[in-house]
Amino acid sequence: MSSDAHVIVNLDVPGPVISRHLYGHFAEHLGRGIYEGFWVGEDSSLPHRDGIRLDVVEALRALQVPNLRWPGGCFADEYHWRDGVGPREHRPRVVNSHWGDIVETNHFGTHEFMALCELLGAEPYVNGNLGSGTVQEMSEWVEYLTRADDSPMARLRRENGRDEPWRVPFWGLGNEAWGCGGNMTPEHYAHEARRYATFCRDHSANRLTRIATGAPDDDLRWTRALMEALSCLGCQKEPTNVFQAISFHYYTHAGEGIQSSPARGFSGDEFHRTMRTALDIDRIITAHTAVMDAYDPRGAVALVCDEWGTWWRAEEGTNPGFLEQQSTLRDALVASIHFDAFHRHAARLRMANIAQTVNVLQAMLHTSADGGLVLTPTYHVFEMNKGHQDATSLPLHVLSSPTVSVDGDEFSAISISASTTGSTALVSLSNLSADAPLPVRVELRGRAAGIRRARILTGDAADAANTFTEPTRVAPAPFDASLDAGALVATLPPHSFATVELDLA
Ligand code: AHR
């Protein structure tokens, strides 16, 4: 095996378009995600717009957040939307029993979420309550949000201060129906999803993509049951269109399951086990895609990964129900691995949402109540990769690469993907080794290319993180990459992520 990674990118062979919605986010009523994260309230001394924290908005706007999923997660199947509309002082206080068993004030509700989406420039992905709500309740929420004329729910919305309907493109039909969403069987849920979806109408000009909640990881029984519920395999009928997408969730850990190991202070082997777990996303997407292809060869139904990311043991001294964890370079590489896989599978996988945006799990931002704001290493991956949004993926071939070994398994040390807008290309490269540098040679075939900008994200340790006292320990820096006879040549330091932006002739 050669000691450098040798890759071919065909700049003139277009693959599928990488939907910008693969760069989506998720904000649940969980810990300090909404309250203290996005929402500080109208009486806050921090800069805010109608209670929404503005430095958080500004930092996220730089990522071009395409969509935001809300209000859960598990919380979605306990949430009753009418609790969160109308004058705040009259909204009921309820208990958030999933996440910390704390009081939920309902001060952040439908209008506040839609205002947040408008500030971010993000499209709303509202997750309805199928587990403990009724069909009528879900149906009326859609009507409340999206109906233009004089219907009962449109009237109620106007009474609450909003005249025009909103545009809501994405609608979730419950969450994790196999667990916190109701402990259902795939077949039972598939029928429920059809029933609920039927009454989530396209009002006025709004067109919903209804998303049925699907598998944990690679549990293909869910994808199969949901595709079965849509189609009539063997009877030559088109799939019904009652829901338009199927989701699955996949969390990364260091080999022992979620929540079992700390976010920092890990060994080289634990780092590599984490890379191995993250790389498995490719196999899982391939498996779901194969099931969907059998029922729907033309790709009408989208696959959505609406929860992904790392899940470590909660930081010491925090409420374990708040899922607060530090974010390191290891997390950044988990993100870059996922994006490479998402780009490869962009034909079927059309949306993804990292869990979760602020202060929860693999967050982009950490905030403190006194106004502190930290950009995590994962934030920087989203920012460095944003040129892939809506670009055309480029097929590539890894001809050779050094490998990494852990527990008798071997995987390639390089993770890579590329896309083009026509006049530019973006190449993302990760070195998944905790300890060895990785020389790379990427042959750029089919078009002449010049380097516009190259950046690298790395640090002195794989568990380097940004903190309130050291907020820029892990930040993008110029990267020494050059062109040699039509090939991109560079050396990636251990545990690093780089992007190279190219101008194409
Ligand atoms: O993201 C945290 C939780 O993980 C979500 O609420 C749930 O859907 C999943 O189990």
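Mind listing just one residue for me: the one in the range 199-219 that is over 20 Å from HIS288 (Cβ atoms) and without any contact (Cβ under 8 Å) to a residue 60 or more places away in the chain and, of those, nearest to the chain's Cα centre (by Cα)? Checked the range 199-219; the qualifying residue nearest to the chain's Cα centre (by Cα) is ARG207.
From the list HIS253, HIS272, which residue is within 16 Å of the ligand (Cβ to nearest atom), crowded, with 17+ Cβ neighbours inside 10 Å and closer than 26 Å to SER327 by Cβ? Give the steps one after another, and end with the answer.
Details: HIS272 fails: within 16 Å of the ligand (Cβ to nearest atom).
That would be HIS253, the only listed residue that is within 16 Å of the ligand (Cβ to nearest atom), crowded, with 17+ Cβ neighbours inside 10 Å and closer than 26 Å to SER327 by Cβ.
Here the strands (runs of 3 or more DSSP E) wholly within the range 350-446 that include at least 1 residues being in contact with a Pro (Cβ under 7 Å, 6 or more places away or on another chain), of a type outside the set (Phe, Trp, Tyr) and away from the ligand (no atom under 16 Å from the Cβ) are 373-375, 424-431, 438-445. Note on the range 378-403: residues that are in contact with an Asp or Glu (Cβ under 7 Å, 6 or more places away or on another chain) and buried (at least 23 other Cβ atoms within 10 Å of the Cβ) total 1. Within the range 212-224, the presence of a residue that is over 21 Å from ILE284 (Cα atoms), out of contact with any Lys or Arg (no Cβ under 6 Å at 6 or more places or on another chain) and surrounded by fewer than 18 Cβ atoms within 10 Å (Cβ to Cβ) is excluded. Scanning the range 175-204 for residues that are in contact with a Ser or Thr (Cβ under 6 Å, 6 or more places away or on another chain) and within 16 Å of ALA229 (Cα to Cα) yields a count of 1.
Taking ILE258, is it under 20 Å from the mean Cα position of the chain (by Cα) and either surrounded by 19 or more Cβ atoms within 10 Å (Cβ to Cβ) or assigned to a helix (DSSP H, G or I) (or both)? Taking the combined requirement at face value, the residue does not satisfy it.
Examine the range 469-482 for a residue that is among the polar types (S, T, N, Q), in a loop (DSSP other than H, G, I, E, B) and crowded, with 23+ Cβ neighbours inside 10 Å, and state whether such a residue exists. Checked the range 469-482: no residue is among the polar types (S, T, N, Q), in a loop (DSSP other than H, G, I, E, B) and crowded, with 23+ Cβ neighbours inside 10 Å.
The residue of the range 179-199 that is farthest from the ligand (Cβ to nearest atom), among those that are surrounded by fewer than 24 Cβ atoms within 10 Å (Cβ to Cβ) and not in a helix (DSSP H, G or I), is PHE199.
Could you check, for the range 145-168, whether at least one of its residues is touching a Leu at 6+ places or on another chain (Cβ under 6 Å) and without any contact (Cβ under 8 Å) to a residue 60 or more places away in the chain? So far as the range 145-168 goes, yes, one or more of its residues are touching a Leu at 6+ places or on another chain (Cβ under 6 Å) and without any contact (Cβ under 8 Å) to a residue 60 or more places away in the chain.
Looking at LEU119, LEU145, LEU156, LEU60, can you tell me which residue is under 21 Å from ILE354 (Cα atoms), more than 16 Å from the ligand (Cβ to nearest atom) and either buried (at least 23 other Cβ atoms within 10 Å of the Cβ) or more than 25 Å from the chain's Cα centre (by Cα) (or both)?
On the way: LEU119 fails: either buried (at least 23 other Cβ atoms within 10 Å of the Cβ) or more than 25 Å from the chain's Cα centre (by Cα) (or both); LEU145 fails: under 21 Å from ILE354 (Cα atoms); LEU156 fails: under 21 Å from ILE354 (Cα atoms).
When all the criteria are applied, what remains is LEU60.
Confirm whether GLU315 is part of a loop (DSSP other than H, G, I, E, B), in contact with a Gly (Cβ under 9 Å, 6 or more places away or on another chain), within 16 Å of the ligand (Cβ to nearest atom) and more than 27 Å from ALA391 (Cβ to Cβ). Criteria not met by GLU315. Considering (1) outside any loop (DSSP other than H, G, I, E, B); (2) closer than 23 Å to VAL301 by Cα, the lone condition that GLU137 does not fulfil carries the number (2). Of the set (1) under 21 Å from SER19 (Cβ atoms); (2) surrounded by 23 or more Cβ atoms within 10 Å (Cβ to Cβ); (3) hydrophobic (A, V, I, L, M, F, W, C), all apply to LEU329 but (1). For the range 367-377, enumerate the residues that are farther than 13 Å from LEU60 by Cβ and surrounded by 18 or more Cβ atoms within 10 Å (Cβ to Cβ). Across the range 367-377, the qualifying residues are VAL374, PRO377.
Being among the hydrophobic types (A, V, I, L, M, F, W, C) and buried (at least 24 other Cβ atoms within 10 Å of the Cβ) is the filter here, so list the residues in the range 414-425 that pass it. Steps first, answer last, please.
First, pick out the residues of the range 414-425 that are among the hydrophobic types (A, V, I, L, M, F, W, C): 414, 416, 418, 425.
Result: ILE414, ALA418, ALA425.
The residues of the range 280-312 that are small (Gly, Ala, Ser) and in a helix (DSSP H, G or I), listed by number, are ALA287, ALA290, ALA294. Filtering GLU176, GLU112 for residues that are surrounded by 19 or more Cβ atoms within 10 Å (Cβ to Cβ), acidic (Asp, Glu) and either at pLDDT below 95 or not in a helix (DSSP H, G or I) (or both) leaves a single hit, GLU176. Residues that are under 28 Å from the mean Cα position of the chain (by Cα) and among the hydrophobic types (A, V, I, L, M, F, W, C) within the range 386-407 comprise ALA391, LEU394, LEU396, VAL398, VAL404, VAL406, listed in sequence order. Filtered by the rule that a residue be of a type in the set (Gly, Ala, Ser) and either within 16 Å of the ligand (Cβ to nearest atom) or under 24 Å from ASP306 (Cβ atoms) (or both), the range 72-106 gives GLY72, GLY73, ALA76, GLY84, SER97, GLY100.
Just so you know, in the range 276-298 the residues that are among the hydrophobic types (A, V, I, L, M, F, W, C) and over 19 Å from ALA355 (Cβ atoms) include one that is surrounded by the most Cβ atoms within 10 Å (Cβ to Cβ), and it is MET292. No other residue among ARG447, ARG441, ARG453 is in contact with a His (Cβ under 6 Å, 6 or more places away or on another chain) and closer than 22 Å to LEU502 by Cβ apart from ARG441.
The values are calculated or read from the model by the stated rules, or taken from the named source; none is laboratory data. No experiment lies behind these values; they were computed from the predicted model shown. Using ideal geometry, Cβ is built from the backbone for each residue, glycine included, and neighbour counts are taken over all protein chains shown.
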